[in-house]
1. In region 141-151, is there at least one residue being touching a Cys at 6+ places or on another chain (Cβ under 9 Å) and closer than 19 Å to Phe57 by Cβ?
2. Let me confirm something: among Leu53, Leu12, Leu84, Leu58, which residue is within 16 Å of Gly120 (Cβ to Cβ), open to solvent by 50 Å² or more (accessible area, probe 1.4 Å) and modelled with pLDDT of 90 or more?
3. For region 132-159, name all the residues that are under 14 Å from the mean Cα position of the chain (by Cα) and open to solvent by less than 10 Å² (accessible area, probe 1.4 Å).
4. Within region 161-183, does at least one residue satisfy the condition of being more than 20 Å from Ala106 (Cβ to Cβ), open to solvent by 20 Å² or more (accessible area, probe 1.4 Å), at pLDDT 85 or above and over 15 Å from the mean Cα position of the chain (by Cα)?
5. Would a scan of region 91-109 turn up a residue that is within 17 Å of Leu62 (Cβ to Cβ) and in a helix (DSSP H, G or I)?
6. When you scan region 147-155, do you find a residue that is assigned to a helix (DSSP H, G or I) and modelled with pLDDT under 90, even just one?
7. Thr129 fails exactly one of the following numbered conditions: (1) among the β-branched types (Val, Ile, Thr); (2) modelled with pLDDT under 90; (3) open to solvent by less than 40 Å² (accessible area, probe 1.4 Å). What is the number of that condition?
8. Would you call Leu143 on the phi < 0 side of the Ramachandran plot and at pLDDT 85 or above?
Amino acid sequence: MIWWCKARAVPLLAAVLVGTFAVGLLFGDGELPVPALHGQAGHFLLAHVITLLPAVFLLYGLGRGDLRTETVAGRFLRGMDVGLALTLAAAGTTCGSLAYAAGQGALALVLARNIAGYLGLALLVHPLTGHRAAAAALAAVPLLCSAAGWHPDGRPRPWAWPLHPAGSPYALTAVALLLLAGTACALLRRHPAAVLDLPAA
């Protein structure tokens, strides 16, 4: 267990989660100038991109282990990794709820929701591509949303879940589906040979 915590950089993950909320609440309502490729540009906030960080650092931790060894380990390491991701999502939700109750506004709920969504997406993509390609795929999500995720009237499109306001049923459904699909994929899918051949980070 100690080896797994060190390999997955659990203390660093906790610090990144707290730091993401701190920076998000301080500067998350600041808008970033991003041109629109389709429709029109909406309000693209720092909070829409900074919430990537916990998922990216989760992928960093997942990439530090030796996948050849881990796939034949006696302990169910995939289950532990999923538990870590879901714990981070739950911790983010708790932080967001507490911040919202303390008067930080709906931005706290958006931060918590987007953190959970990116964690679910990381669980979904990592077994298919490995940690490096998964991190690149996650980084492309806010760029795609900012460039093509807005209706001409300025509303976010249903699929652009990171851009939606806190109470959006589209975004909440998308995040729930990402967490469920990511959990299932991470638990059930064996790492393909192409991923196993990648050197450990």
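1. Taking region 141-151 as the starting set, the residues that turn out to be touching a Cys at 6+ places or on another chain (Cβ under 9 Å) are none.
No, the conditions are met nowhere in region 141-151.
2. Working: Leu12 fails: within 16 Å of Gly120 (Cβ to Cβ); Leu84 fails: open to solvent by 50 Å² or more (accessible area, probe 1.4 Å); Leu58 fails: open to solvent by 50 Å² or more (accessible area, probe 1.4 Å).
Criteria check complete, one pass: Leu53.
3. Correct list: Ala134, Leu138, Pro142.
4. no
5. No - not one qualifying residue is present in region 91-109.
6. Yes, that holds for at least one residue.
7. Among (1) among the β-branched types (Val, Ile, Thr); (2) modelled with pLDDT under 90; (3) open to solvent by less than 40 Å² (accessible area, probe 1.4 Å), Thr129 violates only (3).
8. No: the conditions fail for Leu143.
The values are calculated or read from the model by the stated rules, or taken from the named source; none is laboratory data. In this text the structure is predicted, and so the values were computed from the model without any measurement. Counting neighbours? That spans all protein chains shown, and the Cβs are built from the backbone with ideal geometry, glycine included. Note: accessible area is taken over every heavy atom of the protein model, side chains too, but ligands, DNA and RNA are not part of it. Shrake-Rupley method; radii C 1.70, N 1.55, O 1.52, S 1.80 Å.
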